[in-house]
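A short write-up of the structure that comes next.
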């Protein structure tokens, strides 16, 4: 044994190849983020295990670490995941660097048609280059950033009266970003049922993608664009347009005047916490959490209402959601493809939605009963109709980190002005695209 | 010297000094006590205001640490047969059912495998090298010893870039073997320096006597020197183990699942909606307590260990 | 135990081979013993270092295997040294280094001095105080975020209890002004015992007769402290500062878990910044140059410091 270890030290390569080949062929590992829908997928996958004889293992990573760890895994050529439900923005890198298996031939062979899935989801989750018929994933989970609120508070006559007195308007689901701010400010530090409450829980997280996903919700609504002409990378006047600046200033005002104290690094979990513990009147979060929120015994049911991200100059929502891909480094690609084939079936997709997963399949979304199947189903359809996503470039991580830094510096750490933050962002992005040879 | 020494502090001075030190010790232990206590709180007690010093102990944190759970509706819950185990009962109380084991056990096991593997290897190689440096005239001895020490000065993140590429090429990413070799390389400088100090303290006459009795060098080494150095080797081993046990930067960059150790995993323990602090505290407690025990066992050699043998008493 | 291996080797070796092992010169044995260690360090430390130097002159990206790699000379170095964000990172690191060293030296020395009053049970309390520094910084750092939470966190509660301010009125890790101090506090909590232990060794190394002689000369206690205690402990203290300085310059795990570099970038120490460049942005060539700059800085500062230390020791 011991002499072997010394041998091992000098024969690293040989050893590790032998070790990796020893894995079993019928145990598939699916990697995704650790959140409510992932638990639903475990439930759903039991059917696949029964039908195919393969066993499923799951590796769920909490969101704040998900991108970091999974991109590291892909870049190191790791074999941890056979199937990966990767974020929409990873598709460019996944395709260009050969991390994901191209699925066109498989789709043709198995008769899986991308026309059966909602066009916005196919565009966002599956294609690279964007919009071309080259598929690297099957749309798995539709998602967008939306809002929910304490319906029971909104319906209290005394609160409605106080709101009317304070603003001269009726308290309702906000129709614009500015109305949202007004309502949030109204609830800020207001005492309800003997406790101090706050306006809204929003995304301010620095480490992964939080503040970008939150702030773009406001910026898109004002008219923020990444490029003047799509595909030309001409960002001057788009990224830092007066509308974009106004949208970002708005987000800072919302953060400074209408959020609970201490939410300086808050993302999905913190937003859920703030809402479920009764701290806030409204909160933003991904639609993926809405089934769980609605089912919550304390703050769900009659007490919760949902609304789409309010527009301002235009209607827009920040896109979330993921496609499911086969990892190119996997030794069990055939079994992994089998899983995708199974997952694409209409009846499996219907069950997926019923368990709390947001199916992107037309047979589910176009079903006449869909809108009424859940209190947030209609909002979901509406949101998906006007979604915008971050860059999906192979250099996405670098682009995102720059935006995280500039936004967090301005909104939370009070560095400079919105105009300066966005001007600097263009500098950062220009540098990246120059490195990429795209500018 | 007489029992009344002018350098001996007065009893009042001792009393004051003792009080201040104990006060500091109590403050410094508070966070550790809080980890221990939070592990036995319910999630509601853990985040209650004001913080609860007295609370009814619960094993929910430990149950949550070792399981994954899914929420079910009250109707579904009622349809289930009564819970068979005490931990199932705890979970049912929260309208949830146990879906399976969590990954904590695996990560803990990885920490053990990688910790002990690298410790064994560092001690094995380190003892040989230390013996050679202590007893033989090795050319460029001082330079080599300094070189061995200087490898410790590099920021781990800086070293991690080429190691990442190397592991990727050799297929060592996220493997136990890769992490064992890496931690051995990091630990060996400590092992060589500490062990050389311990072996230096063993009188050469013992071996020389053995050599005269007809022992070979090898025999003299393992029959005379090793038993004499046993305490030193054991304490060096514990230092290596603690380092490998606590290491985070390499682990977070070079492992993702199969070989991931506990330190990158524990901070990512979350419950259903929000960080589950009792579970995190439970995981931390199980992970930290062995090191506390080792620290107490090691107390005589502590100083030597943390200064690479530079300060011996 | 390694001994058993040697045992087995000796027993399992055929007689003629054993004769040859017996015949190994000490010099050969020395090389056999040292070689594996040197080989391992060359493979895992020196070879990567050379590789990093090589990479630092390229535009290589580890996440873009299909892209052409060009040698771009000193451009990475130029970009790093002229980047104002990196200078801010350096400032954050300097703030962290200075204040952690300051507090650890002051508190660590005071504690050592108190313990050296030799009150009953001082050994036991020394061991207890030492506990934090032996623990995993990542795990402990993560838990400190809980202690630092406004309202429910123990730290805020205790500060509120002692000063009377509202425990939800300040946030240690979310506030631009307080966050740099939040990391200083935790590092000081963890590592003061290290300085304390070394100072204690220094204090105990001072022979009693020196004080006795001073007492005969009627030197005041105060004068004894400054003319005997401090100079005698200084080499030890400087050694402690060297160790802590190098460690804190490399600081990663504790601060990543505490603040992740935020809010904004006010606690983004160089190691955290480097990690972002290397493993999140994947600018491998650029990050390699960054790593080399850091390495040269640590090595340079440490060697200057060691020279000063040796001078103090000679005195």
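What follows draws every value from the coordinates through simple rules; no lab data is involved. Since this is a predicted model, take the numbers as computed values, not measurements. Cβ placement follows ideal geometry from the backbone for every residue including glycine, while neighbour counts extend to all protein chains displayed.
See the values below:
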read-out	value
Kirkwood Rh, angstrom, segment A:163-305 [1 / mean 1/r, Cα pairs]	16.3 Å
All Cα pairs of the protein assembly as shown, percent lying beyond 46 Å	35 percent
Over chain B: Kirkwood hydrodynamic radius from C-alpha pairwise inverse distances, Å	23.4 Å
Inter-chain shielding of C:276-286 (mean C-beta neighbours from other protein chains, 10 Å cut-off)	6
Proxy reagent accessibility, fewest Cβ within 10 Å first, across C:222, B:245	C:222, B:245
Equivalent ellipsoid, chain C (semi-axes from 5 times Cα gyration tensor eigenvalues, Å)	39, 36, 22
Equivalent ellipsoid, segment A:302-388 (semi-axes from 5 times Cα gyration tensor eigenvalues, Å)	30, 18, 11
Per-residue Cβ neighbour rank within 10 angstrom, fewest leading, C:166, A:87, A:68	C:166, A:68, A:87
Chain A: relative contact order as a whole-number percent, Cα under 8 Å and 6+ apart	24 percent
Ascending count of other beta-carbon atoms within 10 Å, so fewest first, for A:273, B:142	B:142, A:273
Whole-Å semi-axes of chain A's equivalent ellipsoid (Cα gyration tensor)	39, 26, 22
As computed over segment B:94-136, the Cα convex hull volume per residue (Å³)	48 Å³
Mean ellipticity per residue at 222 nm, deg cm²/dmol - from DSSP H runs of n ≥ 4 across chain A, formula -39500 (n - 2.57)	-14000 deg cm²/dmol
For segment B:105-268: Kirkwood Rh in Å [reciprocal of mean 1/r, alpha carbons]	17.1 Å
Value of relative contact order over chain B, rounded to a whole percent, pairs C-alpha under 8 Å and six or more apart	27 percent
Tensor-based shape of segment C:161-315 (alpha-carbon gyration tensor, a/c under 1.5 rounded, otherwise prolate or oblate)	oblate
Rounded, prolate or oblate (a/c below 1.5 giving rounded, otherwise prolate when a/b exceeds b/c) for segment C:252-315 by Cα gyration tensor	oblate
Highest average packing first - A:415-426, C:260-271, C:140-151, Cβ atoms within 10 Å	C:260-271, C:140-151, A:415-426
P(r) weight above 13 Å for segment B:147-210, C-alpha pairs, percent	72 percent
Relative contact order for segment C:77-314, counting Cα pairs under 8 Å that sit 6 or more residues apart, in percent	29 percent
Convex hull per residue volume in Å³, alpha carbons only, for segment B:237-313	112 Å³
